[in-house]
Structures are given as C-alpha cells and as structure tokens.
There are 2 protein chains.
Amino acid sequence: MQLNDLSLMPIDPSNVSLNLDRFLPYRLNRLAHNVGVSLATIYTDAFGISRSQWRVMALLGQHQRLTAKQICNMTHMDKVKVSRAVNGLVKLNYLQTTPDKADKRAVLLTHSVEGKELFQVMVPQVQAWEEDFLKKLSVQEISQLATIIDKLDPSNEY
Amino acid sequence: MQLNDLSLMPIDPSNVSLNLDRFLPYRLNRLAHNVGVSLATIYTDAFGISRSQWRVMALLGQHQRLTAKQICNMTHMDKVKVSRAVNGLVKLNYLQTTPDKADKRAVLLTHSVEGKELFQVMVPQVQAWEEDFLKKLSVQEISQLATIIDKLDPSNEY
DNA sequence: CAGACATTGTTACTTATGCAACTAAATGAC
DNA sequence: GTCATTTAGTTGCATAAGTAACAATGTCTG
C-alpha cells in the first residue's frame, strides 16, 4: 500500500475528505502503540515493571544519578507520572533515594543493587527485541528514520 | 544531535548500557505522544471530541457506513474503546445507528447530518495542522517516512 | 530579612484504557 | 432441529494517566 501522498485531498470540491490510512498522526500513533505493546511484554510480563517504570530505569541506567525533575525534563513525562513510577520502583527495591543536601525539596535517585542487576538482565532482551524489529528496514532506512524523528521531535534540551 | 546508530551498545564489556535518546521505541512513543497531544487541541479543545471519537469520525468520513467490528479491524482499536467512542458520538448526535437487518447483533454506523457538518469543519483544520507539521521535513523525507511506517506497521488487512 | 513568587514532589479527583465476563444473536455439527 | 461454539457489542472492575490543588522549600526583590 502506498502512503506517499499527503493524506488529505479534496475529491469532490464541495466535500473535504480524509484518508486515515495516509494520515501521519494516525499512522504514527498506531505504530508507536503496537511497538509499545509488543515491547512491554518484556518488562511487564517478565519483570512486572510498567512502561513508565521501565523508562525511569533506562534513564537511570544511563545517567546514574538524577532527580525526578530531571527525569521529567529528559523524557517529557508528566511529573506525576514520574513520581508514581519512582515510588513504585522504590517499593520494589530497584531504586535508592538520597535527599539532595543542596535542595531539600529534591531527591536523588539511583539504581539499587537489585536495580542494577535487573537492568543488566533487561537491556540485552530489549536490545534483541529492537534488533529484530529493525530487521524490517534497510540500514539506510534506519538512518533515515532516525533523522526524521529527530526533526519532528527534537531530542532533549536539558 | 545524531541518532543514526543502534541505540544499544556495550561500552564497558562487563556492563550493558542503553542510550534512551537513540532507542527507537522510546523516540517513536514520544513523537507519537507529542503529535497526538498537539493535534488533540483541535478536536478536543475546539469540538469536545476525544481522540478515539475523532478516529471513528474520520473512518466514517471515509467509509460512510461501518459496523463497530469493522472499525475495530481497520484501526486496531480495542472493541471496548470503539464501543465507548461510538456511544459518546451517538449521544452527541454526530452518529446515526441502523440495526443491521442481515445480522441483528450488529449496528450500522453513519455520520448524522450534524456529524457530516462537524466533519467538514474539522478536516480542513486537521489538514492544516498536518501540513504545517510536515513542513519540518523535505518532500523526500515525507515519502521515506511513509514507506518506513508501512514496513514497520503494515496497513490494514480488512 | 520579609514578603511575593517559583519550584519539587505528592495527593485527590477525574477520565481513559484494558481485560474478563456477560448477553444476544449466528453458525455449525450431528 | 438441538446443542456447542463463535461472534457483536456491552458492562464491570482494575489500572494508567492527566489536571488541579497542596506542602515544603528555594529564590529574588526591595
């Protein structure tokens, strides 16, 4: 199925019309949803970690030590969402919290020992999933997609 | 910021690591979310129509007459989600329902007069939004994106 | 340093979403 | 035809997610 034209084009001059299959926001949303559901089987089914919790874990795997606020900025997640994900992870013993001495409102978050272990186990599985998923594209297309996404949703300013 | 490599690469051989900024499911989800929120201002703020309701309206704008089941198949939406979207639209008088004579379980859905009117008003605004959004990409990139999305999430088999 | 304003994170309330169980109708085996 | 199995759509319950209001702390102005 071709998808190369703009999705909206008048057919009858007196009536606007829209081809949903070619409507980018729709296709994007459907794709992201399907990807998310598929990937979630790894961290949800196998490890009992929610989508937002996984995201927090991943970010802390990369940056070791962050406040909730920083996580918000980096991921564009709502602060309530982050707060809840963090609290869940703390209860599961995957995160360690240290009060920020410089700012008593903030809390510094790091992986706990169990968190590090979990992360080490999860990442290869997630990696395998991504690799398999991207097999549908050529190397060139993967690179194109990355460029395009970056243009449409510029990465973090933090 | 470059995003051309696979997002997962071992840095320290003994420790796996993951760069979230380059992790495709994450980037895809964030992009789709931002697009969705931005677009929703049109149909939610201006017309009081939810995301899934908009989708149902759009599909019926294209196919005139569908059952809820067909909408499920076409959009990959959960049947409960469709059911609720439809019921909401019926209450708002944007949809008309006709029992299917051939199958008494099914209900045929069409735009009501008000629904048609609403649709005619919404589509140009949505179209304008998409056009503006896609200005960030070259014509070639738009075409590449369409091709890539179709490979990653093949369009409807209905 | 006092008062106004901003910021971090939480809680409470509301709405969206998903799954499982259900009703009613249809299909199919025999 | 009758009983078991699917199927269309709804309802009920549990979870996710967003908004607004809040407490506690920080910052800035004068």
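Right, B:N19: at pLDDT below 95, within 7 Å of another protein chain (Cβ to nearest Cβ), open to solvent by 10 Å² or more (accessible area, probe 1.4 Å) and within 29 Å of B:Q127 (Cα to Cα) or not? Before the answer, list the steps.
Working: at pLDDT below 95: yes; within 7 Å of another protein chain (Cβ to nearest Cβ): yes; open to solvent by 10 Å² or more (accessible area, probe 1.4 Å): yes; within 29 Å of B:Q127 (Cα to Cα): no.
Judged against the criteria, B:N19 is not a match.
Contact map, region A:22-50: residues that are within 7 Å of chain B (Cβ to nearest Cβ) and free of Cβ contacts under 8 Å to residues at least 24 places away in the same chain paired with residues that are β-branched (V, I, T) and away from DNA strand C (no atom under 11 Å from the Cβ), Cβ distance under 6 Å, separation 6+ or inter-chain. Pairs shown: A:P25/B:V35; A:L28/B:V35; A:L31/B:I149. Can you find a residue that is within 14 Å of chain B (Cβ to nearest Cβ), surrounded by fewer than 20 Cβ atoms within 10 Å (Cβ to Cβ) and more than 30 Å from B:W129 (Cα to Cα) anywhere in region A:139-150? Checking region A:139-150: at least one residue is within 14 Å of chain B (Cβ to nearest Cβ), surrounded by fewer than 20 Cβ atoms within 10 Å (Cβ to Cβ) and more than 30 Å from B:W129 (Cα to Cα).
Conditions tested, residue by residue: (1) under 13 Å from B:L152 (Cβ atoms); (2) modelled with pLDDT under 95; (3) more than 17 Å from the chain's Cα centre (by Cα); (4) within 16 Å of DNA strand C (Cβ to nearest atom).
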{"site": "A:T97", "(1), (2), (3), (4)": "no, no, yes, yes"}
{"site": "A:D100", "(1), (2), (3), (4)": "no, yes, yes, yes"}
{"site": "A:V107", "(1), (2), (3), (4)": "no, no, yes, yes"}
{"site": "A:S138", "(1), (2), (3), (4)": "yes, no, yes, no"}
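Of the residues that make up region B:113-120, is at least one at the interface with chain A (Cβ under 7 Å from one of its Cβ atoms) and out of contact with any Cys (no Cβ under 8 Å at 6 or more places or on another chain)? Among the residues of region B:113-120, at least one is at the interface with chain A (Cβ under 7 Å from one of its Cβ atoms) and out of contact with any Cys (no Cβ under 8 Å at 6 or more places or on another chain), which makes the answer yes. Residue count for region B:52-66, restricted to those that are within 13 Å of DNA strand D (Cβ to nearest atom) and surrounded by fewer than 16 Cβ atoms within 10 Å (Cβ to Cβ): 1.
Within region B:67-109, restricting attention to residues that are farther than 22 Å from A:N29 by Cα and surrounded by 22 or more Cβ atoms within 10 Å (Cβ to Cβ), which residue is farthest from DNA strand D (Cβ to nearest atom)? Going through the qualifying residues, I end up with B:Y94.
Where residues in region A:56-94 are of a type in the set (S, T, N, Q) and closer than 19 Å to A:M122 by Cβ, which of them is farthest from the other protein chains (Cβ to nearest Cβ)? Steps first, answer last, please.
Taking region A:56-94 and keeping what is of a type in the set (S, T, N, Q), we get A:62, A:64, A:67, A:70, A:73, A:75, A:83, A:87, A:93.
Then keep just the ones that are closer than 19 Å to A:M122 by Cβ; that gives A:62, A:64, A:75, A:93.
Values: A:Q62: 6, A:Q64: 11, A:T75: 7, A:N93: 20 Å.
Within region A:56-94, the match that is farthest from the other protein chains (Cβ to nearest Cβ) is A:N93.
Quick grid of which residues meet (1) in contact (Cβ under 8 Å) with a residue 60 or more places away in the chain; (2) near DNA strand C (Cβ under 9 Å from one of its atoms); (3) in contact with a strand residue (DSSP E or B) (Cβ under 6 Å, 6 or more places away or on another chain); (4) of a type in the set (A, V, I, L, M, F, W, C):
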| residue | (1), (2), (3), (4) |
| --- | --- |
| A:S83 | no, yes, no, no |
| A:N93 | no, no, no, no |
| A:T110 | no, no, yes, no |
| A:L118 | yes, no, no, yes |
| A:Q127 | no, no, yes, no |
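The values are calculated or read from the model by the stated rules, or taken from the named source; none is laboratory data. Quick caveat, the model's predicted, so the values are computed rather than measured. Every residue, glycine among them, receives a Cβ derived from its backbone with ideal geometry; neighbour counts consider all protein chains shown. We work out accessible area using only protein heavy atoms, side chains counted, and drop any ligands, DNA or RNA first. Shrake-Rupley method; radii C 1.70, N 1.55, O 1.52, S 1.80 Å.
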